[in-house]
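Written below as structure tokens is the structure these notes are about.
Values quoted throughout were computed directly from the atomic coordinates according to the rules given, and no laboratory measurement underlies them. Remember, predicted model here, so these are calculated numbers, not experimental data. Here the Cβ is made from the backbone with ideal geometry for all residues, glycine too, and neighbour counts use every protein chain on show.
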Amino acid sequence: MKAFGNCAAIALLVLTTGCASMEGKWSVAKVEPTAARRDFAFESLTLQSDGTFYAEAKEGGKTDSVSGTWKLDDGVLALREHDGECHTYDAELEPSGKRLKLVRHWSGQRMTAVLEKQAS
């Protein structure tokens, strides 16, 4: 009977908090370390429910855009641009669904980008 009570409590928690989604438009709030900001090209990232993405980057006062497909698998977000270039990040969505942390490792270095969900 105690197990049933625990299951009911968990179900109630899920129903009242809802399910956070990675879909939507995200803007970069910060990148750590700060020097790694140049290694995270995106200023904004839109993840759509059909598995496509759109991103904008600013470089030298010019705004460029890229698009492609995205997939989340076991906490790893893969962004594949239409030209074939792929970006992968360890992804962690806060329970509130308002902040998304993307972590990338390379050559013993770690870059963390924190993105905030924009109002729809």
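Each of T46 and E32 was given a label point 7 Å from its Cα along the Cα-to-Cβ line. The distance between the two points is 3.0 nm. What percent of all Cα-Cα pairs in the stretch 37-91 falls into each 5 Å bin, going from 0 up to the bin containing the maximum distance? Using 5 Å bins, I get a P(r) of 5, 19, 29, 28, 14, 5, 1, 0 for the stretch 37-91.
Quick check on the stretch 81-120: take the gyration tensor over C-alpha atoms, sort the square-rooted eigenvalues as a ≥ b ≥ c, and tell me if it's rounded (a/c under 1.5), prolate or oblate. Taking the square roots of the gyration eigenvalues as a ≥ b ≥ c, the stretch 81-120 is oblate. Note on the stretch 20-117: Cα-only Rg and Dmax are 12.7, 36 Å. Computed from label points 7 Å out along Cα-Cβ, the spacing between D83 and Y54 is 1.9 nm. So for the stretch 20-117, if I pair up every lysine 8 or more residues apart or on another chain, how many of those pairs have alpha-carbons under 21 Å apart? Taking the Cα cut-off of 21 Å, the pair count is 18.
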